[in-house]
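This report concerns only the one structure given below.
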Amino acid sequence: MVPRASARGTRTGCRGAGVGLVNRDRGAATLQAAGVVLALLLLLTFGLQLGAAVLSRHRAEGAADLAALAAAAHIDRGGDLACATAGRVARGMDVSVTSCSVHGWQAWIRTRAEPAGVLAGFASSSGRARAGPA
């Protein structure tokens, strides 16, 4: 008996429906799907790290604002007490004060926040604020 070609594959000699068909699929769709999944995972990871960096920046700026307001509220008791209060407020937000200075009735604060995740060892975000009487 001579094998005949069909639309779905090559027959090996059996006449049953679908019996003996050689599958010519070599997994190309599986490789493409795996590549798409990998690309989506990389995009998700990048998005999460970008979000962590933005969150860190907002945390640093917010802590600087609150610390400056706290320092300005205690400026009449002296610059050292005002800066100590600013440091306490910033530590409460898991941010460090890098500089605090009082000039007249204004407090100038700079803060630094470490981002979470992979970026923790590479970069830090900073914030700055000034507060005083209106």
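The values are calculated or read from the model by the stated rules, or taken from the named source; none is laboratory data. Bear in mind the structure is a predicted one, so any value in this text is a computation, not a measurement. All Cβ positions, glycine included, derive from the backbone under ideal geometry; neighbour counts span all protein chains shown.
Give the residue, chosen from Ala123, Ala116, Ala90, Ala129, that is in contact with a helix residue (DSSP H, G or I) (Cβ under 6 Å, 6 or more places away or on another chain), among the hydrophobic types (A, V, I, L, M, F, W, C), surrounded by fewer than 18 Cβ atoms within 10 Å (Cβ to Cβ) and closer than 18 Å to Arg57 by Cβ. Spell out how you get there, then give the answer.
Working: Ala123 fails: in contact with a helix residue (DSSP H, G or I) (Cβ under 6 Å, 6 or more places away or on another chain); Ala90 fails: surrounded by fewer than 18 Cβ atoms within 10 Å (Cβ to Cβ); Ala129 fails: surrounded by fewer than 18 Cβ atoms within 10 Å (Cβ to Cβ).
Being in contact with a helix residue (DSSP H, G or I) (Cβ under 6 Å, 6 or more places away or on another chain), among the hydrophobic types (A, V, I, L, M, F, W, C), surrounded by fewer than 18 Cβ atoms within 10 Å (Cβ to Cβ) and closer than 18 Å to Arg57 by Cβ holds for just one of Ala123, Ala116, Ala90, Ala129, which is Ala116.
Give the residue, chosen from Ala17, Ala29, Ala5, Ala33, that is at pLDDT 90 or above and more than 22 Å from the chain's Cα centre (by Cα). Explain how you work it out, then say what you get.
Values: Ala17 fails: at pLDDT 90 or above; Ala29 fails: at pLDDT 90 or above; Ala5 fails: at pLDDT 90 or above.
Testing whether each residue is at pLDDT 90 or above and more than 22 Å from the chain's Cα centre (by Cα) leaves just Ala33.
Collect the residues in region 58-86 that are of a type in the set (Gly, Ala, Ser) and over 26 Å from the mean Cα position of the chain (by Cα), keeping them in residue-number order. Hits for region 58-86 are Ala68, Ala70, Ala71, Ala72, Ala73, Gly78, Gly79, Ala82, Ala84, Ala86. Would it be correct to say that Leu66 is at pLDDT 95 or above, within 16 Å of Gly127 (Cβ to Cβ) and among the hydrophobic types (A, V, I, L, M, F, W, C)? Against the criterion (at pLDDT 95 or above, within 16 Å of Gly127 (Cβ to Cβ) and among the hydrophobic types (A, V, I, L, M, F, W, C)), Leu66 qualifies. Val97 fulfils the conditions (1) touching a strand residue (DSSP E or B) at 6+ places or on another chain (Cβ under 6 Å); (2) at pLDDT below 95; (3) of a type outside the set (Lys, Arg) except for a single criterion, (2).
Considering only region 88-128, state which residues are farther than 18 Å from Val54 by Cβ and in contact with a Ser or Thr (Cβ under 8 Å, 6 or more places away or on another chain). Selection gives Ala90, Ser96, Val97, Thr98, Ala107, Trp108, Ile109, Arg110.
Of the residues that sit in region 49-84 and are over 18 Å from Arg112 (Cβ atoms) and touching a helix residue (DSSP H, G or I) at 6+ places or on another chain (Cβ under 7 Å), which one is surrounded by the most Cβ atoms within 10 Å (Cβ to Cβ)? Give the steps one after another, and end with the answer.
Kept after step one, since they are over 18 Å from Arg112 (Cβ atoms), are these residues of region 49-84: 49-51, 69, 72-82.
Now drop any that are not touching a helix residue (DSSP H, G or I) at 6+ places or on another chain (Cβ under 7 Å), which leaves 49, 74-75, 82.
Numbers: Gln49: 16, His74: 18, Ile75: 22, Ala82: 25.
Residue satisfying both the conditions and the ranking: Ala82.
For beta carbons closer than 8 Å, sequence separation of 6+ or different chains, a first residue in region 56-70 that is without any contact (Cβ under 8 Å) to a residue 60 or more places away in the chain and a second that is surrounded by fewer than 18 Cβ atoms within 10 Å (Cβ to Cβ) and of a type outside the set (A, V, I, L, M), the qualifying pairs are Ala70/Arg88.
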